[in-house]
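The values are calculated or read from the model by the stated rules, or taken from the named source; none is laboratory data. All values reported here derive from a predicted model rather than from experimental measurement. Glycine gets a Cβ as well: all are built from the backbone with ideal geometry, and neighbour counts include every protein chain shown. Remember, those area values only see protein heavy atoms, side chains included, never the ligands or the DNA or RNA. Shrake-Rupley method; radii C 1.70, N 1.55, O 1.52, S 1.80 Å.
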Amino acid sequence: MKKMYNPFWSYNVIKTEQWLSKMAHSGLTFAGLNRWTRCFYFTETPTNSRIYRISYDKLKSPILPKTLQVEGWKAIATKGKWQVTTNNRPEQTIRNFPTRDGVIKHNQTITYLFYGLLFYLISVLIAPISLAFSYLFTDESIVVEESPYWIVTYLFFALAIGLVLLGIYSIIKITKTNNILKNSQVIRATTQLNNGIDTQAEKQLKRSGRWVTKIRLGWMYSPDKLEKWLESMEQQGLNLYRVSKIGTVFHFTKGQPRYIAYRVDYQRQPPAGYFSIHREAGWRDCFVSYSNLENWTIWSQEYKENQQRPQLYSDYSTRIKQAKKIVFTYTAFFLPFTFLYLYFLVNNLNRQTELSQWLSWGTFVFMLCITIYGILLIKLWTYYIRLKKQATTITTT
């Protein structure tokens with residue numbers, strides 16, 4: 001039995017599956033793995049053609065469902081919540097495959113952890129870097145005390161930088177893998193509001209003055225205000241044409257006033273059938289974000305003046321739950337760093353004795369970060385309070 005190491009196999013399960021297939025074609029058939037040491041074990045067999053699927057499930061059973069068994073799938077290894085299955089039939093003849101939802105959700109959880117690690121490390125590194133810049137822009141001389149413990153500081157910075165690079169690499173790899181998995185299982189094609197207008201016609205609209213561009217930063221922290229703003233633009237005769245890929249630039253064309261309901265929806269992981277269900281109900285997805293950290297969709301539906309305004313969800317409690325999910329997710333990210341920068345700021349000010357020293361580069365950076373995070377937290381919680389008040393008003397009436 002031969003063994004090979006693949007340290008990042010879970011970050012890119014698709015390439016790992018392809019790698020296992022190539023190994024089988026070369027006469028080494030996968031026999032098992034050690035998920036802690038990242039070691040894969042192979043047995044020497046005659047060359048064969050087979051495909052593999054790696055799945056993740058909290059309730060994973062070593063016995064596959066009958067629908068998969070009929071298709072020729074067999075479970076080779078089950079380690080913890082991970083399971084590797086194989087099939088020696090041609091892929092184009094197979095109708096049912098092991099689900100990928102568990103892998104996608106697991107990858108998203110790992111991505112959240114890496115984002116948190118990156119935010120923490122960057123926050124820690126900003127303090128000494130900003131202080132170093134402060135000394136560079138002042139006349140103060142830097143005095144370095146000789147100490148054998150400096151090696152600990154150097155090792156810490158090397159470890160921090162290494163973890164930052166690892167986090168960035170992991171996020172890129174996991175995001176790429178998740179996008180491929182989502183596209184292979186759930187159709188997430190974004191339907192842009194192009195109304196059949198091509199690029200040349202779009203340029204003509206710009207030259208004729210019928211093209212209007214607006215920028216909305218941070219709308220995800222007050223999604224209800226974005227909905228009202230888009231609806232007011234439509235009633236003024238500015239029809240939404242398309243939204244930029246990052247979701248901050250909105251392009252409109254001057255036309256006729258319309259009654260269009262807009263809804264901004266947040267999903268950590270859109271369930272199967274999410275887009276098809278809403279599209280069948282008459283909604284159009286104007287914007288779909290593809291970030292691992294933020295999965296936002298802007299939906300729209302036109303209605304008549306004498307008709308009731310369409311609702312994406314039939315009950316208001318669902319929207320309250322969505323708002324709570326948004327608020328607690330972002331608060332979990334922003335609040336710790338707000339306190340961390342506040343601690344750095346107070347600690348920095350306590351070391352300064354003159355006003356000119358207070359107005360340093362480090363102080364400015366800390367105050368800027370605290371202000372930005374504080375504003376975002378206020379916007380989030382005021383949004384949640386507004387929805388709660390609306391729900392109370394609807395219930396009492």
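Brief remarks on what is shown
- The residues in segment 1-37 that are closer than 17 Å to W82 by Cα, assigned to a loop (DSSP other than H, G, I, E, B) and of a type in the set (A, V, I, L, M, F, W, C) can be counted, and the count is 3.
- Segment 85-104, subset surrounded by 16 or more Cβ atoms within 10 Å (Cβ to Cβ) and part of a helix (DSSP H, G or I), residue modelled with the highest pLDDT: V103
Each row is one residue, and each column tells you yes or no for (1) free of Cβ contacts under 8 Å to residues at least 40 places away in the same chain; (2) out of contact with any helix residue (DSSP H, G or I) (no Cβ under 9 Å at 6 or more places or on another chain); (3) under 25 Å from F334 (Cβ atoms); (4) open to solvent by 20 Å² or more (accessible area, probe 1.4 Å).
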{"site": "E227", "(1), (2), (3), (4)": "yes, yes, yes, no"}
{"site": "Q235", "(1), (2), (3), (4)": "yes, yes, no, yes"}
{"site": "V249", "(1), (2), (3), (4)": "yes, yes, yes, yes"}
{"site": "Q256", "(1), (2), (3), (4)": "yes, yes, no, yes"}
{"site": "I260", "(1), (2), (3), (4)": "no, no, no, no"}
{"site": "R268", "(1), (2), (3), (4)": "no, no, yes, yes"}
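- Search result, residues across segment 312-351 that are more than 30 Å from L125 (Cβ to Cβ) and either in contact (Cβ under 8 Å) with a residue 40 or more places away in the chain or of a type in the set (F, W, Y) (or both): L312, Y313, Y316, S317, R319, I320, Q322, A323, K324, K325
- The set of residues in segment 22-38 being surrounded by fewer than 18 Cβ atoms within 10 Å (Cβ to Cβ) and under 25 Å from K105 (Cβ atoms) consists of G32, N34, R35, W36, T37, R38.
- Filtered residue count, segment 143-201, keeping only those that are under 22 Å from R279 (Cα atoms) and modelled with pLDDT under 75: 16
- When residues of segment 280-295 are limited to those that are part of a loop (DSSP other than H, G, I, E, B) and modelled with pLDDT of 85 or more, the one surrounded by the most Cβ atoms within 10 Å (Cβ to Cβ): W283
Here's the yes/no breakdown for (1) part of a helix (DSSP H, G or I); (2) within 28 Å of K176 (Cα to Cα):
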residue	(1), (2)
E231	yes, no
N239	no, no
K245	no, yes
F252	no, no
D265	no, yes
I277	yes, yes
I298	no, yes
N306	no, no
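- In segment 65-84, the residues that are open to solvent by 20 Å² or more (accessible area, probe 1.4 Å) and assigned to a loop (DSSP other than H, G, I, E, B): P65, G72, G80, K81
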